[in-house]
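The block underneath contains the structure these notes are about, expressed in structure tokens.
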Number of protein chains: 2
Amino acid sequence: MSAPKIVILGAGYGGLMTAIELQRQMSYNEAEVVLVNKHDYHYMTTHLHEPAAGTTTDDKVRIDLKDLLDFDRITFVHQTVAGFDLDTRSVQLADGSVLDYDYLVVALGSEPETFGIEGLREHAFSIRSLNAVRVIREHIEYMFSRYHENPDNPAFTTIVVGGAGFTGIEFVTELAERLPALCRTFDIPREKVRLISVEAAPSVMPGFDPKLVAYTMERLKEMGVEVYTNTPIQSCTKDGITLADGTHIPSYSVIWTGGVRGNRIVEASGLETVRGRVKVDAYLRAPGYDNVFVVGDSSVIFNKEGRPYPPTAQLATQQGKACAYNLLSLIRNQPMKPFEPHLLGTLASLGRWEGIGIVGKMKLYGFWASVMKRLSDMRYLWQIGGVSIVLRKGRFL
Amino acid sequence: MSAPKIVILGAGYGGLMTAIELQRQMSYNEAEVVLVNKHDYHYMTTHLHEPAAGTTTDDKVRIDLKDLLDFDRITFVHQTVAGFDLDTRSVQLADGSVLDYDYLVVALGSEPETFGIEGLREHAFSIRSLNAVRVIREHIEYMFSRYHENPDNPAFTTIVVGGAGFTGIEFVTELAERLPALCRTFDIPREKVRLISVEAAPSVMPGFDPKLVAYTMERLKEMGVEVYTNTPIQSCTKDGITLADGTHIPSYSVIWTGGVRGNRIVEASGLETVRGRVKVDAYLRAPGYDNVFVVGDSSVIFNKEGRPYPPTAQLATQQGKACAYNLLSLIRNQPMKPFEPHLLGTLASLGRWEGIGIVGKMKLYGFWASVMKRLSDMRYLWQIGGVSIVLRKGRFL
């Protein structure tokens, strides 16, 4: 009898952690593990706002998979997933090849949700991958370089960030801190640059603690970011955005961070989804399929009050560990464990040395929040790669 | 009687040197000197290929005029020249204001000559100012960042340099040296990048010594630059170029270095011009106007064989000095001196530590040519600003 074959789709927080835990815990020949990923590296999605703004190099937010995984034990397939078929238990890859599986782990992450806002999909950038954020950074710099073509055209130096949730605020503050240097490089007076944060909800960081929201607003003001709350975007063109009240803001650089939804590949598989996310059972399995696990942003789980947990890196990482445990339990004919999230807190950066967050019941502001965020990053790096990865990728300063 | 008013148009090599020499030699109240320039800095045109390729920061090739000139003695007008009127002895500025003069120094430089090649003016970049080369650098990086949108589209990573004279070759070699770093930053395999030099003449560096041409060809080959000689460009669109034989080269980054012509403002003034350049008399004055001097690329002078001297920084600088001398001679009612160029040689870089050139009767290759070029740069910096400018702007390494 040959070893059962586990195929993991995606090497984000959930898929990577599943692979790492399997590698750590499985015995020789207990299972054949295949990891499929579009890139041969893992990137830290929660830090993409930094290379997007140009404050960190790309290499600080990505880790080569070969440095995290033993490719003799985990087979790595460098390919894009095109789809999967639950009946034939097979995965289709973009190059036309097919992988069979006994167990499947779907960890394909999320995609931007544009809520049907006209033109957003075509004309706005999203902070969704390393390749995507490189384009954002280079686009902004390219537009700044063209300022002198016509200093009276504000679109070159106006940056609109749609959505003032975590990603939007982390990106806009990061970029605000870089502005003085950018203005020097491109000979642009600071007052010619507009950084605009637009949010449909009544406040920035919707749903967050009001005191932390107030602190964030204070910081944004200090940094010269214009904030429009209660302001839905009506449409987006290549020349800027139009707000619901008809105001047009000329901008060649619109970055949309207003929401995510599940991956369309998951939707297309026939699994039951809510906005592209699979409502998994207590063991993280897709309803009706005992051999299919779904983790990270591709899944959705609910708390005791019946409210969905927001999709975060922390949750995905914990799910990855639990998924590996349950997979090995199934293979070993041992009882699985229901997944229980243990969320330690939430932290957002507001530039390099500023942040806000909640850890346990404690609210954190400013410098200490930024230190705490660094520590939680270190913890993650430690979990996936030990001390060598912490030293190479940790952002100590 | 008030002091005569000298107005200098342009702070390139010729205009700047005129202003500096006047500042050094004129006595208190002997003349009122006004320098008009579009930027409040001087830039070293012969080095623009470096920030264009991204191998030098912008600040290494520009010098604030306030660091070179005493603004109590030279009045600086930070404006773009719109035109000048020889009959009313007045200069029109872009902001609508007018400056009168007793003596005029026209040093407005050159513009790209596209020889009527279709689409070149609209779609190709030129290495003509600091603002223009920033756009080139950022454009190339932006296109590289977009490579992952479609790795099968070669236009993102093909750079076509039209013209293989000095500027074209210096730029393409500089860029070739930066390619490994660029490919690393943007995750692009080197073999996906094409650097193409296209020249209508039978060889690169047309008119240069055959041994030096052969050396240049060798270097280009080593660096992986594709060279097409005897190959006129037929047309250029936003998607690439078409050669005379009908071959289409897909490229979003076409840089045209194929020729310069005099400034159109000079042409429009009514002065007699040949391709926008004024054939000046022995004292550097425009024919028919004893109070109008023309220096640098706006002028043309001929050697004993009746062949025009090529427009170079070296020539412009020497003309600037001679022009200042003759201006003061006129004011002092002393005899002017006819201008005699003393050309010391010609040097071209082929990347950071390689070059070719002729100094006196000696041919130089490789490392020693690059060292010699650095020394001649130092000499120029010394001439305009003394030791402090040499230390701040010199490129020692």
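Tabulated data
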| item | result |
| --- | --- |
| Residue in region B:219-229 that is outside any strand (DSSP E or B) and at pLDDT below 95 present | no |
| Subset of region A:99-120 that is of a type in the set (V, I, T) and over 18 Å from A:H39 (Cα atoms) - its residue that is farthest from the other protein chains (Cβ to nearest Cβ) | A:I117 |
| Hey, A:M362 modelled with pLDDT under 95, at negative phi and within 20 Å of the chain's Cα centre (by Cα) or not | no |
| Selection within region A:83-102 - more than 19 Å from A:K5 (Cβ to Cβ) and aliphatic (A, V, I, L, M) | A:A94 |
| Matching residues in region B:129-142 - criterion: being facing another protein chain (nearest Cβ under 9 Å) and under 13 Å from B:C183 (Cβ atoms) | B:E141 |
| Residue in region A:97-120 that is farthest from the chain's Cα centre (by Cα), counting only those that are crowded, with 20+ Cβ neighbours inside 10 Å and small (G, A, S) | A:A107 |
| Options B:G246, B:G240, B:G262; residue that is in contact with a His (Cβ under 7 Å, 6 or more places away or on another chain) and either surrounded by fewer than 16 Cβ atoms within 10 Å (Cβ to Cβ) or not acidic (D, E) (or both) | B:G240 |
| Unique match (being modelled with pLDDT of 95 or more, of a type in the set (K, R) and touching a helix residue (DSSP H, G or I) at 6+ places or on another chain (Cβ under 7 Å)) among A:K279, A:K238 | A:K238 |
| Tabulated pairs, region B:298-310, first surrounded by fewer than 12 Cβ atoms within 10 Å (Cβ to Cβ), second not acidic (D, E), C-beta under 9 angstrom, 6+ apart or interchain | B:F302/B:K279; B:F302/B:P308; B:F302/B:Y309; B:N303/B:Y309; B:N303/B:P341 |
| Breaking point among (1) closer than 30 Å to B:T80 by Cα; (2) in contact (Cβ under 8 Å) with a residue 24 or more places away in the chain; (3) within 14 Å of chain B (Cβ to nearest Cβ); (4) crowded, with 22+ Cβ neighbours inside 10 Å, for A:P151 | (4) |
| Any hit, region A:166-189, residues being polar (S, T, N, Q), touching a residue at least 60 places away in the same chain (Cβ under 8 Å) and either assigned to a helix (DSSP H, G or I) or over 18 Å from A:E50 (Cβ atoms) (or both) | yes |
| Hits in region B:367-397 - residues which are of a type in the set (S, T, Y) and surrounded by 14 or more Cβ atoms within 10 Å (Cβ to Cβ) | B:S370, B:S376, B:Y380 |
| Selected residue (only one of B:K60, B:K38 is within 30 Å of B:P180 (Cα to Cα) and basic (K, R)) | B:K60 |
| Criterion (closer than 30 Å to A:T80 by Cβ and either within 14 Å of chain B (Cβ to nearest Cβ) or part of a strand (DSSP E or B) (or both)) met by exactly one of A:I249, A:I241, A:I255 | A:I255 |
| Answer residue from region A:182-200, given it is under 30 Å from A:P232 (Cβ atoms) and surrounded by fewer than 18 Cβ atoms within 10 Å (Cβ to Cβ) and is nearest to the other protein chains (Cβ to nearest Cβ) among those | A:K192 |
| Checklist (1) away from every other protein chain (no Cβ under 14 Å); (2) within 18 Å of A:L175 (Cβ to Cβ); (3) of a type in the set (S, T, N, Q) applied to A:T56, failing item | (1) |
| Subset of region A:110-132 that is in contact with a Ser or Thr (Cβ under 9 Å, 6 or more places away or on another chain), among the aliphatic types (A, V, I, L, M) and in a helix (DSSP H, G or I) - its residue that is farthest from B:V135 (Cα to Cα) | A:L120 |
| Filter result for A:D95 (assigned to a loop (DSSP other than H, G, I, E, B) and touching a Gly at 6+ places or on another chain (Cβ under 9 Å)) | no |
| A:M372 vs. criteria under 20 Å from the mean Cα position of the chain (by Cα), over 25 Å from A:T18 (Cα atoms) and either at pLDDT below 85 or not charged (D, E, K, R) (or both) | yes |
| Subset of region B:68-82 (residues that are more than 30 Å from B:C236 (Cβ to Cβ), within 21 Å of the chain's Cα centre (by Cα) and of a type outside the set (A, V, I, L, M, F, W, C)) | B:H78, B:Q79 |
| Output for region B:1-44, where each listed residue is surrounded by fewer than 23 Cβ atoms within 10 Å (Cβ to Cβ) and of a type in the set (S, T, Y) | B:S2, B:S27, B:Y28, B:Y41, B:Y43 |
| Residue that is surrounded by the most Cβ atoms within 10 Å (Cβ to Cβ), among those in region A:139-148 that are in a helix (DSSP H, G or I) and in contact with a His (Cβ under 9 Å, 6 or more places away or on another chain) | A:S145 |
| Complete set of residues in region A:322-366 that are of a type in the set (D, E, K, R) and surrounded by fewer than 20 Cβ atoms within 10 Å (Cβ to Cβ) | A:R332, A:K337, A:E340, A:R352, A:K361, A:K363 |
| Hits in region A:154-171 - residues which are more than 14 Å from chain B (Cβ to nearest Cβ) and either closer than 19 Å to A:C236 by Cα or of a type in the set (D, E) (or both) | A:P154, A:A155, A:T158, A:I159, A:V160, A:V161, A:G162, A:G163, A:A164, A:G168, A:E170 |
| Residue satisfying condition, being surrounded by fewer than 21 Cβ atoms within 10 Å (Cβ to Cβ), touching a residue at least 24 places away in the same chain (Cβ under 8 Å), within 14 Å of another protein chain (Cβ to nearest Cβ) and not charged (D, E, K, R), within set B:H78, B:H123 | B:H78 |
| Residue that is aliphatic (A, V, I, L, M), closer than 30 Å to B:Y28 by Cα, in contact with a helix residue (DSSP H, G or I) (Cβ under 7 Å, 6 or more places away or on another chain) and touching a residue at least 60 places away in the same chain (Cβ under 8 Å), where the choices are B:A348, B:A286, B:A324 | B:A324 |
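The values are calculated or read from the model by the stated rules, or taken from the named source; none is laboratory data. As the structure is a prediction and not an experimental result, all values here were calculated from the model. FYI the Cβ positions are ideal-geometry reconstructions off the backbone, even for glycines, and counts take in every protein chain you see.
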